[in-house]
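Readers should treat all values here as calculations from the given coordinates under stated rules, not as data from a laboratory. A quick note: this is a predicted structure, and the numbers were derived from the prediction, not measured. Neighbour counts are summed over all protein chains in view; Cβ atoms, including those assigned to glycine, are modelled from backbone coordinates with ideal geometry.
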Amino acid sequence: MMLIATFAKYVRCAPGFVSLHASRPLLLVGGAALICALLASCATLKAPRRQNDVCAMLATHPEWRRAVRRTERKWGAPAHVQLAIIWKESSFRHDARPPRKRILFGLAPWGRVSSAYGYSQALDGTWKRYLRETGRSSWAASRTDFGDSSDFIGWYMATTQRVNGVPMSDAITQYLNYHEGHAGYRRGSYRRKAWLIRAARRAGRQAERYRKQMRACP
């Protein structure tokens, strides 16, 4: 049953999938039920089209609303800043990855420019540090899971506030830390990157847009 629940977490169909009678053997689960679960998963994981309308997004994905509010209570990270970071990093795509490098005069793809992955675009090393510091296991948390990604962002923002003194509400500076890392931010690496400063300002504007909209969300 634990295996079923773990699988259900990733297909987002836990209620229907695990409501089978416990006495029935797993082998009796029909193929049609599995296909239904997978189709429902695809529909749920599809990135929203109206990403400037946070009320519409959260109405379509009520589990996202619950996740960011839970992270806000746990880490103190404002929901609208979390959402703005996810918007800027992955455009709400659960399996987002950076583009591939190109070799042979740009003709052949080769590897990725970084290990960033998922909603939060967490790097492999930073994700492992998050798991270690929060006591979570790699099988129980995933970068493709929205709730886990929200919790990761809350943890990172709380660390930014602790080590670099950046208020949780300062979306622009929080994003610069998120992108450059805490040591990179302290070194001022972002000052040589005009494109990154523009990106951080866009994240800040989106956070403010989300903040105003969320006050009126039903």
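Observations, loosely collected:
- A Förster radius of 25 Å, combined with the Cβ-Cβ distance separating Ala59 from Lys212, puts the computed FRET efficiency at roughly 0.90.
- Inter-label distance, nm, simple model (7 Å from Cα along the C-beta direction), Arg136/Arg73: 1.7 nm
- 3J(HN,Hα) along the range 119-131, derived from phi through the Karplus expression 6.51 cos²θ - 1.76 cosθ + 1.60 where θ = phi - 60°, amounts to 3, 8, 6, 5, 6, 3, x, 5, 5, 5, 5, 4, 4 Hz, with x in place of Gly and Pro.
- Pairwise FRET efficiency - Leu123 versus Lys193, Cβ, R0 = 22 Å, nearest 0.05: 0.80
- Residues with amide H under 5 Å from that of Ala122, placed H, sequence gap 5 or more: Tyr117
- Total charge dipole magnitude, the range 48-214, about the Cα centre, Cβ charges on Lys, Arg, Asp, Glu only, Debye to nearest 20: 480 debye
- Under Karplus coefficients 6.51, -1.76 and 1.60, residue-wise ³J(HN,Hα) of the range 199-209 in Hz, glycine/proline x: 5, 5, 5, 5, 4, x, 5, 5, 4, 5, 4
- Rounded, prolate or oblate (a/c below 1.5 giving rounded, otherwise prolate when a/b exceeds b/c) for the range 48-214 by Cα gyration tensor: rounded
- Inter-site label distance for Arg201 and Arg50 at 7 Å from Cα along Cβ, in nm: 2.9 nm
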